[in-house]
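Below: one structure, written as structure tokens.
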């Protein structure tokens, strides 16, 4: 048990932060599990579940619960698993517009 007043306060604030972080972690795990369940069942709502899971991951990063590199890795893994099931949104690559020919200057 801490003796110093500031150390006691840190214990109290750490408890509050732990409770806040647990709720974020819980919602993140719930979203990821529901995505895996929809992939396993082959339901058509996989796109919606993937979006929800990625959103929860982004929220956890914003709150500082997980590291941004871990979040990127998890999002990539989930997208890969969703794509493998055959119901993930496909990326479309936009073509760049053609450059206009500029007239040459006369010297």
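None of the figures in this text is laboratory data; all of them are computed from the coordinates on show. This is a predicted model, so every value here is computed, not measured. So basically every Cβ, Gly included, is an ideal-geometry build from the backbone, and we count neighbours across all protein chains shown.
Can you sort 24, 18 so the residue with the fewest Cβ neighbours within 10 Å comes first?
Ranked by crowding around the Cβ, least crowded first: 18, 24.
Based on the Cβ-Cβ distance from residue 63 to residue 36, what FRET efficiency comes out when R0 is 25 Å, to the nearest 0.05?
The calculated FRET efficiency here is 0.65.
In nm, to one decimal, how far is the residue 102 label point from the residue 23 one, both placed 7 Å along Cα→Cβ?
5.7 nm
In nm, give the distance between the simple-model label positions of residue 14 and residue 55, each being 7 Å from the Cα along the Cα-to-Cβ direction.
Going from the residue 14 label point to the residue 55 one covers 3.5 nm.
Compute the acute angle (0 to 90°) between the alpha-carbon long axis of helix 46-62 and the principal axis of greatest extent of the alpha-carbon atoms of the chain; round to the nearest 10°.
It works out to around 60 degrees.
Compute a Gaussian network model of the chain, connecting alpha carbons closer than 10 Å, and tell me which residue from 94, 14, 53 fluctuates the most.
In the Gaussian network model the winner is 94.
Taking the Cα atoms only, what angle lies between the long axis of helix 5-41 and the longest principal axis of the chain, rounded to 10 degrees?
Relative to the chain, helix 5-41 is tipped by roughly 50 degrees.
Using only Cα atoms, find the angle between the long axis of helix 68-85 and the longest principal axis of the chain, and express it within 0 to 90 degrees, rounded to the nearest 10.
Long axis of 68-85 versus the principal axis of the chain: about 60 degrees.
Rounded, prolate or oblate: pick one for the chain, where a ≥ b ≥ c are the square roots of the eigenvalues of its C-alpha gyration tensor, a/c under 1.5 means rounded, and failing that, prolate if a/b is larger than b/c, else oblate.
Verdict is oblate for the chain.
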